[in-house]
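Novice: Have a look at this one before I ask anything.
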Amino acid sequence: MRKLPAAAQEERRRQVIGLRQGGLTYKAIAEQVGLSRTGVINIGQRFAAEGAKGLVSKPRGRKLDEQRLLDAAQEAEVQGLVCRHTPDELDLPVALWSRAAVGRLIARRGGVELAVRTVGKYLARWGFTAQKPIRRAYEQDPAAVRRWLWRDYPSIVARQAGAGHHLLG
């Protein structure tokens, strides 16, 4: 039933109530509709308690702010610190931000110990994503690298060869 769209679930619930009002047993309804007996009983109880409103699908899962360990002020403080400072500026023993480093910051500032995975969920919620460093330096000048490879390096090799030294290649 969970895999059905909300409208189809509601229609199935109405069908269960109609069959129950028609006098069928929970077991017979379950067999006819393709639900468990317990599921049919639950639908009947929801209808008895809430009426037709009980047949309408409700949002599933946890509520948006449910089970957060940091309050809004703590979240804002940590976000601001991560954006404006490097970990070493905040006396953390690392140079780059990681989930573990943010976890240490939260423990220090908020007094809340969070699992690394939980810190990752907070970071994702705040819009921070894992970044992979690029393999070449930002300041690298491709023309200077080519010049060095084609002009400077061969002259170094020639000088070393003339002096009787062997370069490891």
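Novice: Which angle from 0 to 90°, rounded to the nearest 10, does the C-alpha axis of helix 6-21 make with the longest principal axis of the chain?
Specialist: 20 degrees
Novice: Suppose the chain between T25 and R62 were pulled fully straight at 0.36 nm per residue; how much longer would it get relative to their current alpha carbon spacing? Walk me through the numbers before you get to the answer.
Specialist: Numbers: separation 37, 0.36 × 37 = 13.32 nm, distance 3.38 nm.
My answer for the length gained is 9.9 nm.
Novice: Given the Cα-Cα distance of V94 and T129 and 0.36 nm per residue of separation, how much length would full extension add, in nm?
Specialist: Once the chain is fully extended between V94 and T129, it gains 10.8 nm.
Novice: Work out the charge dipole of region 74-135 with +1 on the Cβ of Lys and Arg and -1 on the Cβ of Asp and Glu about the Cα centre, then indicate which of V112, S98, H85 is farthest towards its positive end.
Specialist: Farthest along the dipole direction, towards plus: S98.
Novice: Follow-up. Give the lysines reachable from K3 as a straight Cα distance under 27 Å; neighbours fewer than 8 places away on the same chain don't count.
Specialist: Within the straight-line limit of under 27 Å, K3 reaches these lysines: K27, K53, K58, K63, K121.
Novice: Given points 7 Å out from each Cα along the Cα-Cβ axis, report the R14 to Q74 separation in nanometres with one decimal.
Specialist: Calculated label separation equals 4.7 nm.
Novice: For region 72-125, count all C-alpha to C-alpha pairs, find those more than 19 Å apart, and express that count as a whole percent of the total.
Specialist: 14 percent
Novice: Test of understanding: ordering R159, R2 by Cβ neighbours within 10 Å, fewest first, what list do you get?
Specialist: R2, R159
Novice: Specify the residue with the greatest mean-square fluctuation among L70, L96, L149, computed from a Gaussian network of the chain linking alpha-carbon atoms under 10 Å apart.
Specialist: L149
Novice: Separate question: What's the angle, to the nearest 10 degrees (0 to 90), between helix 116-125's Cα axis and the longest principal axis of the chain?
Specialist: Taking Cα atoms only, the helix is inclined about 80 degrees.
Novice: I would also like to ask the following. Can you divide the C-alpha Rg of the chain by 2.2 N^0.38 Å and report the result to two decimal places?
Specialist: Compactness ratio reported: 2.10.
Novice: What is the gain in length, in nm to one decimal, between Q160 and R147 on full extension, counting 0.36 nm per residue of separation less the C-alpha to C-alpha distance?
Specialist: 2.8 nm
Novice: Next up: Using only Cα atoms, find the angle between the long axis of helix 72-84 and the longest principal axis of the chain, and express it within 0 to 90 degrees, rounded to the nearest 10.
Specialist: 20 degrees
Each reported figure results from applying straightforward, stated rules to the coordinates on display, with no laboratory input. Since the model is a prediction, treat every value here as computed from it, not as a measurement. FYI the Cβ positions are ideal-geometry reconstructions off the backbone, even for glycines, and counts take in every protein chain you see.
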